[in-house]
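The values are calculated or read from the model by the stated rules, or taken from the named source; none is laboratory data. Everything numeric in this text was worked out from a predicted model, so none of it was measured. We place every Cβ from the backbone using ideal geometry, glycine too, and count neighbours over all the protein chains shown. Side chains included, ligands, DNA and RNA excluded: accessible areas come from the protein's heavy atoms. Shrake-Rupley method; radii C 1.70, N 1.55, O 1.52, S 1.80 Å.
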Amino acid sequence: MEHTRDTVWTGRRRGLLLAVFALATMSVEALVASPTRADPRRDGAAVNRRGDVRNLPAALRERLGEIARRPHTFQPITAFSEAPDPSQLFQYYLLDTNNFQPNVFTAKIPGINETAIPTAANAANGGLPTIGAVRVVIEPKPGLPTDPADPGAFIDMFTDVSGLFVINNESGWYEGWMISDVRVPPVAPPRPDGTAQWATITQEDADAIAALGTGQNVTGNFFTFDGNPPRTGIATDVFPVPGLQPNILPHPVSIGTFNAQQQSDVHAYWEFNRGTNWIFPHYELPFTGGVPGTFAAGLQYDVSSRIPGSGPEGVANDKLVYGDNPDDPRDPDRTEAADPAQKEFRNRFIPSALDQEVLLSAFVRIRSFRREVTDPGMRLLLAFAHEIARVDQNGDGVISFNEADINGTSDGLSNRRLYLPPQAFNRFAITREINDGMLAPRFAPSQRAYVATGSVVLVQPSVPASFPQDADNR
C-alpha cells in the first residue's frame, strides 16, 4: 500500500512539474510571438534602471524610456564601457522631424507623393512620430586623453530611433551625420601671400561679410550667406518654400549607415576618433543637381570623388593606382599598421577641420582668397585644391593617414588642428540614402533627404553612462 501511495504521489508530482514547465514554456513562446503582450511601462522602467542609463540627464533618460515603451524589436542599445572606469556622457542629441522643412520622406507633398504609401518617417507603428536619441560618451582608457576635445580621445556614439521603416530597394540605407555649422572665425593678420592664416579671416574679410544683411557675420556667430540671422528652413504645409531654405554653412561627418528592424526601430553604434572624424569631399556639391540652376543645366553627376584627388581644379590621379583594386579593396579602416606603407592611402575624405578651412576660403574669406573669382561653385573647387595642397606632402591631392597623423605637422603647424572636437558638431541628422555611388546629393539642398534631426546638448560635468567592461577593449 505504501508503495502504491509513493507511486501515485511521484506520478502526481511529475505531472505537476510537467504542467508547470509546459505553462512556463507556453508563456515564453507567447511573449516572443506576441510582443504586444509585454507591458510597455515595464520596458520603459527597465531601461531607465539600467546602469548605462540611470545617471543620464532627465530629458535623455525619458526619451530612451519612451522609445522602449513603443513597439520595438530591440530596446535602446546597451552601452558597455571599454575601460576600467565607466564611459562618460558629455553630450547628446534628441531627434525628431520638427525643425526642418517637410520633404518626401517625412510628409505627403501635393503633386509629388500624396498618393504614394509613406515609407520613411512619421508613418510606422500606426503613424507615431519619429523620435530618436544619440548618446556621445568618452572612453577613459588608460594612457589616452580624457578630454573629448583632444583628437587622440576615443569616443563612442549610440543611436536609437523609433519609427523608421526598413528601406527595401537599391541597397538603400539610413545614414547618420554629425553636422557642424561654420562660425565666423577671429580676425588675424594675413600670411605673407595675403591669404588668411589657419582658422582666421583678415580684417578685409571681416569688413566685407559684416556688411551683408543685418550684420549677423561677426566673430563667434554662425556664418550666413545673406548676413541675416540663421534660418533653419522650417515650413509647415508647403514644399518648397522660396526663402525658407537654410542660409547657414554646414559640413557633416558621417557616423555610418544602418537600416530599420521589423518593428521600425533603428539602433547603431559608431566610434568617433582621429580615423573617422573625416568629411566627404565638398567639390562634389556643385554636381549634385541641388545647387540652383545645376540640375536644369545637366551638371548632375559630372564630377565624382570615386577616384581620390583634389578635385577638378586640383590633382587628378590614375584610377589603376588610386581606384578600388579588387585584389586590394580600398579600406578606410586601415588606419594603423606596423608597416606605414600598409596604411590606406586612397582616401576620399579629408579631416573635418581641414574641410572647414575649405569652406572658409570658398565662402567667408571673400577678400583674402581669390577675390577675382565670384562664382560660388568655382570658388569651392579652387578652395578645395588650395587647402589640400597645404597639408598634402607628396603632391597627389589626397590626404593619407600618415599625412594627417595627429603627432605630425603640416604647413608649419601641428596636425591636431586638422580635427574638429565633437562639441563643434551642433546638430545631428539622419538621411535616407540610395546606392547611387555619390555621398553629397542628399546635402544639396541640405534638408531634402532628412528623416530626423536634433541639436546638441552639452553635459557638464559629464556623467557615468555605461555598464561594466565588454569583451573587446580595443
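Residues with beta-carbon under 14 Å from that of residue 282, excluding residue 282: net charge, scoring Lys, Arg +1 and Asp, Glu -1?
In short, -2.
At a probe size of 1.4 Å, how large is the accessible area of residue 108, to the nearest 10 Å²?
Approximately 120 Å² for this residue.
Which of rounded, prolate or oblate describes segment 256-307 when judged by the alpha-carbon gyration tensor and an a/c cut-off of 1.5?
oblate
Once phi is turned into θ = phi - 60°, what whole-Hz ³J(HN,Hα) does the Karplus curve with 6.51, -1.76 and 1.60 give for every residue of segment 345-360, x standing for Gly and Pro?
Values per residue, Gly and Pro as x: 10, 8, 6, 8, 7, 10, x, 4, 6, 5, 4, 4, 4, 4, 5, 4 Hz.
Determine the per residue accessible area of the chain with all protein chains present and a 1.4 angstrom probe, expressed in square angstrom.
Per-residue value: 47 Å².
What are the semi-axes of the equivalent ellipsoid of the chain, taken as the square roots of 5 times the eigenvalues of the Cα gyration tensor, listed largest first and rounded to whole Å?
47, 27, 22
So for the chain, taking the charge dipole from beta-carbon charges (+1 Lys/Arg, -1 Asp/Glu), which of 465, 272, 378 sits furthest toward the positive end?
465
How big is the accessible area of residue 358 in square angstrom, nearest 10, if you roll a 1.4 angstrom probe over the protein chains?
Residue 358 exposes around 0 Å² with every protein chain in place.
Mind listing the long-range amide H neighbours of residue 183? Cut-off is under 5 Å, sequence gap 5 or more, other chains count too, H placed in the peptide plane at 1.01 Å from N.
Placed amide hydrogens put 223 under 5 Å from residue 183.
Below 8 Å between Cα atoms, with a sequence gap of 6+, how large is the relative contact order for segment 275-328 in percent?
Result for segment 275-328 is 23 percent.
Under 30 Å between alpha carbons, and skipping anything fewer than 8 positions from residue 343 in its own chain: which lysines qualify?
Cross-link targets: 141, 319.
Using a 1.4 Å probe on the protein chains only, how many percent of the accessible area of the chain belongs to carbon and sulfur?
Ligands and nucleic acids excluded, carbon and sulfur give 56 percent.
Pop a pseudo-label 7 angstrom from the Cα along the beta-carbon direction at both residue 221 and residue 66 and give the gap in nm to one decimal.
If labels sit at residue 221 and residue 66, their model points lie 3.3 nm apart.
May I ask you to derive the relative contact order of the chain, considering only C-alpha pairs under 8 Å and at least 6 residues apart, and to give it as an integer percent?
Dividing the mean separation by the residue count of the chain yields 22 percent.
Once you charge only the Cβ atoms, +1 for Lys and Arg and -1 for Asp and Glu, what is the size of the charge dipole of the chain about its Cα centre, to the nearest 20 debye?
1600
Go ahead and estimate [θ] at 222 nm for the chain from helices alone: -39,500 (n - 2.57) per DSSP H run with n ≥ 4, summed, over the residue count, rounded to 500.
-6000 deg cm²/dmol
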